[in-house]
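Report on the following structure.
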Amino acid sequence: MKSVPTKKTHVFGAVLFSAAMALPASYSAFAEAAPERGIVAFKYLNYQDSQPDQDRIGVNAYSVMVMTPIAGKWAINSSYTYDSVSGASPTNHDTLSGASIEERRNAGDLSVTRYLEKGSMTIGTSYSSESDYKSHSYSFQRSFLTEDNNTTFTLGGSYTDDTINAYKKDVYDKKKRIYSGFLGVTKVLTKQDIVQLNVGFSKGDGYFSDPYKYLDLRPDKRDVTTLLTRWNHHFDASDGTVRLGYRYYTDSFDISAHTFSAEYVQPLPHELTVTPLLRFSSQSAAYFYKPVSPHPVDPSIVLTSPSSLDERLSAFGAVTVGLKVEKKVAADWTVDVKFEQYEQRGEWCLTGKGDSGLQPFSFRSIQLGVSRQL
């Protein structure tokens, strides 16, 4: 379990890429047996977000992942990611409009898993570095399998220590620490059905403000609670599998968010697999978010209480559609390509209280991958 540091840019692509670097589909997320073969995988992401008449942030990210089994009871998993970010900040509701952004990031993680007779234990660490932001994370996870092998209980925790140095904005050696934990249960209901329920929580303290935005002062504590449910159902007739999910998020900033997701994995002849996906999310605004105002913002104002113009803290709804195509090209080789298109609007918020003054926001991402079993 890893914590993703808050970035100064609106880069959803980094999050997408982290998710994409999960093990290939041939490795079951519910498996408790030690893997018999290793895997090496490479992925490339191209991401571009935009607002009307303006391309904003672009990301090119490259990542390699290696998983190696050892002695039938152990597995080592490591990955390295390099990404470059460039573009301009938002055109509205941000007093740094049009500011040029150039950033490079290096990140890596390492985990070791010990497979037991009824469960597994994993410890891990990760590190991320860029010119103004460094993050260290340490994690632990333990799973327990019931006697009938139909139910897995999982618990885990992590600690993340971030350091922010935005020198151009006179932000020096600011700290942010996050303590996280989760409990989960995964159950095989039938030969066709698997369900999962996870509850997560975290407590953070330190510097949560965005140093690259004027009039951005956020509380120095942030508590988060999440609830995640999943249901996978396999159709024997078509050999396809539907994956349904729901995630609820709430925090001490008074943000509440709902995310509904659906995927359908369909194997086809010639060892081809297609996976269309659909996702809808909606969130409420932070209690200190300031909606778009027709009056100019005076950047010389000195804030004494929490306030932010950051559109990421506003109320909005968003829809993502996508398609992944995967093909086995040789005995041990698999290639894949994934496309996603994201559209965000204030009026799509489920509460009907979105910020109508914000411009529409969208992004598209293209991921290319190749993996080989060792």
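Observations on the model:
- If you go through the range 293-340 and pick out every residue that is of a type in the set (D, E, K, R) and over 21 Å from Ser281 (Cβ atoms), you end up with 6.
- For first residues located in the range 348-361 and over 16 Å from Thr320 (Cβ atoms), partners that are in a strand (DSSP E or B) and modelled with pLDDT under 90 and lie 6+ apart or on another chain with Cβ distances below 8 Å form the pairs Gln359/Gln51.
- When the range 252-270 is filtered for residues that are over 17 Å from Phe316 (Cα atoms), among the hydrophobic types (A, V, I, L, M, F, W, C) and under 20 Å from the mean Cα position of the chain (by Cα), only Ala262 remains.
- Residue that is surrounded by the fewest Cβ atoms within 10 Å (Cβ to Cβ) [pool: residues in the range 51-71 that are modelled with pLDDT under 90 and not acidic (Asp, Glu)]: Pro52
Every residue, every condition in (1) of a type in the set (D, E, K, R); (2) farther than 22 Å from Ser79 by Cβ; (3) crowded, with 16+ Cβ neighbours inside 10 Å, yes or no:
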site	(1), (2), (3)
Ser129	no, no, no
Lys134	yes, no, no
Tyr138	no, no, no
Thr146	no, yes, no
Phe153	no, yes, no
Tyr167	no, yes, no
Gln192	no, yes, no
Asn232	no, yes, yes
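- Answer residue from the range 32-49, given it is crowded, with 18+ Cβ neighbours inside 10 Å and in a strand (DSSP E or B) and is modelled with the lowest pLDDT among those: Asp49
- Some residue of the range 342-364 being surrounded by fewer than 21 Cβ atoms within 10 Å (Cβ to Cβ), over 19 Å from the mean Cα position of the chain (by Cα) and over 24 Å from Ile255 (Cβ atoms): no
- Within the range 72-105, tally of residues that are among the hydroxyl-bearing types (Ser, Thr, Tyr), modelled with pLDDT under 95, surrounded by 14 or more Cβ atoms within 10 Å (Cβ to Cβ) and farther than 22 Å from Pro294 by Cβ: 1
- Odd one out for Val297 among (1) over 30 Å from Val185 (Cβ atoms); (2) under 23 Å from the mean Cα position of the chain (by Cα): (2)
- Some residue of the range 174-186 being surrounded by fewer than 18 Cβ atoms within 10 Å (Cβ to Cβ), of a type outside the set (Val, Ile, Thr) and in a loop (DSSP other than H, G, I, E, B): no
- Of all residues in the range 234-251, those being over 20 Å from the mean Cα position of the chain (by Cα), surrounded by 14 or more Cβ atoms within 10 Å (Cβ to Cβ) and among the hydroxyl-bearing types (Ser, Thr, Tyr) number 1.
- Residue within the range 217-233 that is in a loop (DSSP other than H, G, I, E, B) and of a type in the set (Phe, Trp, Tyr) present: no
- Here the condition is being more than 16 Å from Asp109 (Cβ to Cβ) and in contact with a strand residue (DSSP E or B) (Cβ under 8 Å, 6 or more places away or on another chain); of Phe153, Phe140, it holds for Phe153 alone.
- Just one residue in the set Leu215, Leu303, Leu277 is crowded, with 17+ Cβ neighbours inside 10 Å and over 24 Å from the mean Cα position of the chain (by Cα); that residue is Leu215.
The values are calculated or read from the model by the stated rules, or taken from the named source; none is laboratory data. Note that this is a predicted model, so its numbers are computed, not measured. Backbone-built Cβ (ideal geometry, glycine too); neighbour counts: all protein chains shown.
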